[in-house]
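Working notes, structure below.
The values are calculated or read from the model by the stated rules, or taken from the named source; none is laboratory data. Source: prediction; values computed, not measured. Here Cβ is always computed from backbone atoms with ideal geometry, including for glycine, and neighbour counts include all displayed protein chains.
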Amino acid sequence: MTTTSHPIAGFGYAELPGLIALMTGDEKHAISADSTLDVIWTLYDRVLNVSPDRVDDPDRDRFVLSKGHGPMAYYAVLAAKGFVAPGALETFARSRRSRATTRHSATTPIAR
């Protein structure tokens, strides 16, 4: 793995609670999401070799979250890094069918 950072203006670590707050309907899992937030942020900000403009790159790193109640943090980080539009978070917990998936991983939505 290489260490990279892909900043997007206006979205940093400090904005993650606000991005998580956009997701309604699954608030009972917020504590579980909070427990993974620092790790997922650090991976996407400093460790993983990924960016929204390279989702088709076969040499990119991949991350699969295997924590049933942690996706709120995952999607907030993906929104901060430009993989998903922040507005899409408002429908996060309403319907699994409304979430788009990408080639980044089987569970990662992407902004269109």
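Quick notes on this structure:
- Condition check for residue 32: of a type in the set (Gly, Ala, Ser) and modelled with pLDDT of 90 or more: no
- Put simply, of 24, 42, 4 the only residue that is surrounded by 13 or more Cβ atoms within 10 Å (Cβ to Cβ) and either modelled with pLDDT of 70 or more or assigned to a helix (DSSP H, G or I) (or both) is 42.
- Selection of first residues in the stretch 63-90 that are touching a residue at least 60 places away in the same chain (Cβ under 8 Å) and surrounded by 19 or more Cβ atoms within 10 Å (Cβ to Cβ) and of second residues that are in a helix (DSSP H, G or I) and of a type in the set (Val, Ile, Thr), restricted to Cβ pairs under 6 Å at least 6 apart or on distinct chains, gives the following pairs, ordered by first then second residue: 76/20; 77/40.
- If the condition is being at pLDDT below 95 and either among the small types (Gly, Ala, Ser) or surrounded by 16 or more Cβ atoms within 10 Å (Cβ to Cβ) (or both), then the stretch 46-59 contributes 50, 51, 52.
- Matching residues in the stretch 73-100 - criterion: being out of contact with any Pro (no Cβ under 6 Å at 6 or more places or on another chain) and either modelled with pLDDT under 85 or in a loop (DSSP other than H, G, I, E, B) (or both): 81, 85, 91, 92, 93, 94, 95, 96, 97, 98
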